[in-house]
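For reference, the structure discussed in these notes is given below.
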Amino acid sequence: MKLSIGIVGLPNVGKSTLFKKLTSQDILVANYPFATIDPNVGIVPVPDARLDKLSEMSHSKKKVPAIVEFYDIAGLVKGANQGEGLGNKFLSHIRDTQAIALVLRVFKSDEIIHVENSVDAERDMEIILTELALKDLDTVEKRLSKLEGEARTGDKHSIHSFEILKQIKEKLVAGLDIEEFAKEDIAKELNLLTAKKKIFLLNGTPEEVPAGLLEKLQTRGAGSIVVDLSGEPDLADLIRKSYEILHLESFFTTGEDETRAWTIPVGAKAPEAAGAIHTDFEHKFIRAEVVAYDKFVEAGGWSQAKQKGWLRLEGKDYVVKDGDIMVIRHG
């Protein structure tokens, strides 16, 4: 699976600057030119020193990191849910992503005009979240009217979806978070914007962050990072934080031909990990040979780890751990 994150914010808060810094930091970058309404997409490697170490140990010809796709999405404005600015096209681009990085401006500058005429990160956050919620509310209400009739037929699936959507609507109207419903089939089907995981990136110095703002962001259950994009920031932390809040982890395959990092959800079992390599492997999974990263390095390689008894044979119920090195056996 790939990780995709939409960079969202009001105009002139640092979204494009963030995108440029992310996508220029390494090779494996693909920028796709776009018309004024389409997002840029940048493919950024996930920094992981373990990949470098394994590639060195295996004398691999090729090293392939896990990747994150960042979408540079045009600036959102108040009224976007009703078509203001780029409106619906802006919001549809966010639907294509798994998570949202909300860029909030905390830096002061007389040269860079703020669309709301003043710097107020908390106000900007509420504008963004309100626009996303209003768009979701419109989506939910349209589906509710359809589901109501289907539920009257006694269809259990429709009844369940109808009840879940009623709860989601209540939360949206009250301005509350709906991430708790993210795994519900109907929420996945509608690809609700406010159900997506969020990362708040505060563009400025720690001294410019208003008192109490970080605490307020924390109550929303979202990760937050303070980065001064006008300087030379280390953005690896943003990528790692993305993995953390999305509950993702990496396992590795390594050999002379290639060392590669694969992205899976935390808690994934061995067949699901096999499916990350190739969909057929999940269905035809037999077993996995597994060595923990630290044991692999300590032993000095596959054969040494096997001699020490650190190589394990695991079946379909094995829960893959972050850093596992695996060989998948399949039919």
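Mean-square fluctuation check for the chain, GNM, Cα pairs under 10 Å: which of Val140, Val266, Val173 is largest?
Largest GNM mean-square fluctuation: Val173.
Cα to Cα, under 20 Å, and not fewer than 8 places away if on the same chain: which lysines meet these conditions relative to Lys166?
Result set, ordered by chain and number: Lys135, Lys142, Lys146, Lys156, Lys183, Lys188, Lys196.
Given contacts defined as C-alpha pairs under 8 Å and at least six residues apart, what's the relative contact order of the chain, whole-number percent?
Working: 605 pairs, mean separation 60.5, N = 331.
Relative contact order comes out at 18 percent.
Would you mind telling me which residue in Leu165, Leu51, Leu190 has the biggest mean-square fluctuation in a Gaussian network model of the chain, where springs connect alpha carbons within a distance under 10 angstrom?
Top of the fluctuation ranking is Leu190.
Which whole-number percent gives the relative contact order of the range 224-281, counting Cα pairs below 8 Å spaced six or more residues apart? Walk me through the numbers on the way to the answer.
On the way: 38 pairs, mean separation 11.6, N = 58.
Once normalised by length, the contact order is 20 percent.
With unit charges on the beta carbon (Lys/Arg positive, Asp/Glu negative), name the residue among Leu229, Ser92, Gly331 whose Cα is farthest towards the positive pole of the charge dipole of the chain.
Gly331
Label the range 113-264 by shape, choosing from rounded, prolate and oblate, from the square roots a ≥ b ≥ c of the eigenvalues of the Cα gyration tensor; if a/c is under 1.5 it is rounded, and otherwise prolate applies when a/b is larger than b/c, oblate when it is not.
Numbers: a/c = 3.03, a/b = 1.30, b/c = 2.33.
Oblate shape, in that a/c is at least 1.5 and b/c is the bigger or equal ratio.
Rounded to the nearest 0.05, what FRET efficiency do Asp110 and Glu208 have when you use their Cβ-Cβ distance and R0 = 22 Å?
Working: r = 14 Å, r/R0 = 0.66.
After rounding, the FRET efficiency stands at 0.95.
Starting from the 7 Å offset along Cα-to-Cβ, what nm value, one decimal, do you get for the label separation of Ala174 and Lys20?
Each label point is offset 7 Å from its Cα along the Cβ direction, giving 4.4 nm.
Checking the a/c ratio against 1.5 first, then a/b against b/c, what shape does the Cα gyration tensor give for the range 207-331? Present the calculation step by step, with values, prior to reporting the outcome.
Numbers: a/c = 2.81, a/b = 2.08, b/c = 1.35.
Judged from the Cα gyration tensor, the range 207-331 comes out prolate (a/c at least 1.5, a/b above b/c).
Of all DSSP beta bridges located in the range 3-245, what percent are antiparallel, nearest 5?
Working: 6 of 27 bridges.
Looking only at bridges with both residues in the range 3-245, the antiparallel portion is about 20 percent.
For a test of the definition: using alpha carbon positions, the gyration tensor, and the 1.5 limit on a/c, classify the chain as rounded, prolate or oblate.
Oblate shape, in that a/c is at least 1.5 and b/c is the bigger or equal ratio.
Taking just the C-alpha trace of the range 267-330, give me its Rg and Dmax in Å.
11.6, 33
If I build a Gaussian network model for the chain, linking alpha-carbon pairs within less than 10 angstrom, which residue out of Ile43, Ile186, Ile199 has the largest mean-square fluctuation?
Ile186
A short reminder: the numbers here are calculations on the coordinates, not readings from a lab. In this text the structure is predicted, and so the values were computed from the model without any measurement. Because the Cβ atoms are built from the backbone with ideal geometry, glycine has one as well, and the counts that use them run over all protein chains shown.
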